[in-house]
1. Find the helices (runs of 4 or more DSSP H) located wholly in region 183-271 whose residues include 3 or more that are of a type in the set (Asp, Glu) and modelled with pLDDT of 95 or more, and list them.
2. Filter region 163-194 down to residues that are touching a Gly at 6+ places or on another chain (Cβ under 7 Å) and of a type in the set (Lys, Arg), then give me how many there are.
3. Give Lys86, Lys104 a once-over and let me know the one that is over 21 Å from Glu225 (Cβ atoms) and of a type in the set (D, E, K, R).
4. Return the total of residues in region 202-222 being surrounded by 21 or more Cβ atoms within 10 Å (Cβ to Cβ) and within 19 Å of Ile120 (Cβ to Cβ).
5. Among the residues of region 174-194 satisfying the criterion of being buried (at least 17 other Cβ atoms within 10 Å of the Cβ) and among the hydroxyl-bearing types (Ser, Thr, Tyr), which is nearest to the ligand (Cβ to nearest atom)?
6. Kindly provide the set of residues from region 75-93 that are surrounded by fewer than 17 Cβ atoms within 10 Å (Cβ to Cβ) and within 11 Å of the ligand (Cβ to nearest atom), ordered by number.
7. Quick one: how many residues across region 240-271 are of a type in the set (S, T, N, Q) and closer than 13 Å to Tyr212 by Cβ?
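The values are calculated or read from the model by the stated rules, or taken from the named source; none is laboratory data. Fair warning: this is a prediction, and the values are worked out from it, not measured in the lab. Cβ coordinates were reconstructed from backbone atoms using ideal geometry, including for glycine residues, and neighbour counts include every protein chain displayed.
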Amino acid sequence: MVKNIKEILLEARHALKEKNIDEREARLLLAFSLNVSKEELVLKETCTLREYDKFMKSLHKRISGIPYAYIVGHKEFMKLDFEVNKNVLIPREDTEVLVQEVLKLKRKKILDMCTGSGCIAISLAKYLEGSIVDAVDISERALTIAKVNAKKNGVAVNFIKSNLFEEVEEKYDVIVSNPPYIRTEDLDTLQIEVKNEPLKALDGGKTGLYFYQKITREAPKFLKENGLLLFEIGYDQADEVKKIMEKNEFTQIEIIQDLSGNNRVIKGEKS
Ligand code: GLN
């Protein structure tokens, strides 16, 4: 028994569209299920029943709200490839703005707090010549993926399993973090794909500011003189995070926008 590719794609696109999911994912998921590239798929007319079954499983996962990146198991970030699974937040394009800001500083010794998939730490280690990068996460499962990603991208990052700074011992030029920052009560309103990501990586407590407060308060102890602290922030959190940084004696505070013009990154210097 063989199945006709054109017919499969037609049905799949329809099913995705009904759920308001980008129809182009049909072709990508099929290529993934048949283990061929997008280009190779164009040349195929049929597939086996077994391949079809595999595709239908992926399609159903996608329709049930599992993010595309979890199904195919990886995601591009800063032109690098990262393995992802349900234990880590999927790298976001907006977070590239944070990485770019750190790259501009040209400071070598860096700590990435709440590293998750490792995308920030690994991109910095890859693109910043001579950098020494440490990365912390509380989740053993996240660190397992992060280590795979460091190896895959050919960089050395020192991963530390720690509840925030508890196990951190050194001092850094730069501390960078994309902590969980969604207000607990807003978690319910997130789109289904995001709800399928680890809650722990999203939940920023009642005000969404829990991790900014904790990290900012402790960061000075782990920063060298004139060390810098950079965060990714939610689009509506710039003022509040700025206040937290000022209260903890950070100066030269700058807020940087993402590609959609939303406030996305905040930077301050230890005074
Ligand atoms: N940017 C993510 C989102 O909008 C949130 C990431 C985070 O909490 N650090 O879903």
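1. On the way: elements: 192-195, 210-218, 238-247.
Per the criteria, 238-247.
2. The number of residues fulfilling the criteria is 1.
3. Lys86
4. If we filter region 202-222 for residues that are surrounded by 21 or more Cβ atoms within 10 Å (Cβ to Cβ), which is where we start, we get 204, 208-209, 212, 215-216, 219.
Subsequent filtering for residues that are within 19 Å of Ile120 (Cβ to Cβ) retains 204, 212, 215-216, 219.
Going through region 202-222 one residue at a time, the tally reaches 5.
5. Here the residue is Tyr181.
6. Within region 75-93, Arg92, Glu93 qualify.
7. Residues of region 240-271 of a type in the set (S, T, N, Q): 248, 251-252, 257, 260, 262-263, 271.
With closer than 13 Å to Tyr212 by Cβ added as a condition, the list becomes 248.
Count: 1.
Table: residues versus (1) at pLDDT 95 or above; (2) surrounded by fewer than 19 Cβ atoms within 10 Å (Cβ to Cβ); (3) away from the ligand (no atom under 13 Å from the Cβ); (4) among the hydrophobic types (A, V, I, L, M, F, W, C).
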position	(1), (2), (3), (4)
Lys57	yes, yes, yes, no
His60	yes, yes, yes, no
Gly73	yes, yes, yes, no
Val97	yes, yes, no, yes
Ser123	yes, no, yes, no
Asp134	yes, no, yes, no
